[in-house]
Amino acid sequence: MRKSVFTNPDKCTGCGICELACTAFHEKKYGLRKSRIRTVKIGDTARVSMTCRLCDKPPCVNVCPKSVLRQSAETGVIMVDEKKCNGCGWCIQACQFGVMFLHPTNKVVIACDLCDGDPQCVKDCPEEALEMTTSDAFSSQVRGSAARGLVEATKKE
């Protein structure tokens, strides 16, 4: 099964270090608008980092009018032909997770490429909130955490 980067919302503080690690790796300098992972605010207080989910049938690839995007059969990573991309943004609009972005300088789409299999965001997260894993394994962890929380809440009553 394919692995992608998942965020444990119980551990993520929204510090943004993952965004800095991403831009340092890809751009060789810092620039949050050039990051392929983004920290988003959920509600009034929660913040969590999000990146490409490596969908089985990615709408971003299917909607591209110039066939600029393709998905690696092996890793699931969305690859961009930067020479053909005109920055139309159809893929950005098609992404249901909001994790495709337009590079602010060269105006081509960018998405998580897993840093060639060694995601810097995962390595540099000070809270160990990011993990490269399968969606099934992550879902199992979330369910386990929720169950433990329910047990603890029941004990307090």
Quiz prompt | All positions within the range 39-90 that are free of Cβ contacts under 8 Å to residues at least 12 places away in the same chain, under 19 Å from Ser135 (Cβ atoms) and among the basic types (Lys, Arg) | solution = Lys57
Quiz item: Would you call Cys85 buried (at least 19 other Cβ atoms within 10 Å of the Cβ), in contact with a Ser or Thr (Cβ under 8 Å, 6 or more places away or on another chain) and not in a strand (DSSP E or B)?
Solution: no
Practice problem: Residues being assigned to a helix (DSSP H, G or I), under 15 Å from the mean Cα position of the chain (by Cα) and exposed (fewer than 11 other Cβ atoms within 10 Å of the Cβ): count how many of those fall in the range 110-153. | Solution: 2
Exercise. Take Gly98 and decide whether it is in a loop (DSSP other than H, G, I, E, B), on the phi > 0 side of the Ramachandran plot and within 13 Å of the chain's Cα centre (by Cα).
Key: yes
Quiz item: Since Cys52 meets every condition but one in (1) in a loop (DSSP other than H, G, I, E, B); (2) within 14 Å of Val122 (Cβ to Cβ); (3) out of contact with any strand residue (DSSP E or B) (no Cβ under 9 Å at 6 or more places or on another chain), which condition does it not meet?
Solution: (3)
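Each value in this text was obtained by applying a stated rule to the coordinates, not by laboratory testing. Model, not experiment: these values are computed from the prediction. As a convention, Cβ positions derive from the backbone with ideal geometry for all residues, glycine included, and neighbour counts pool all protein chains shown.
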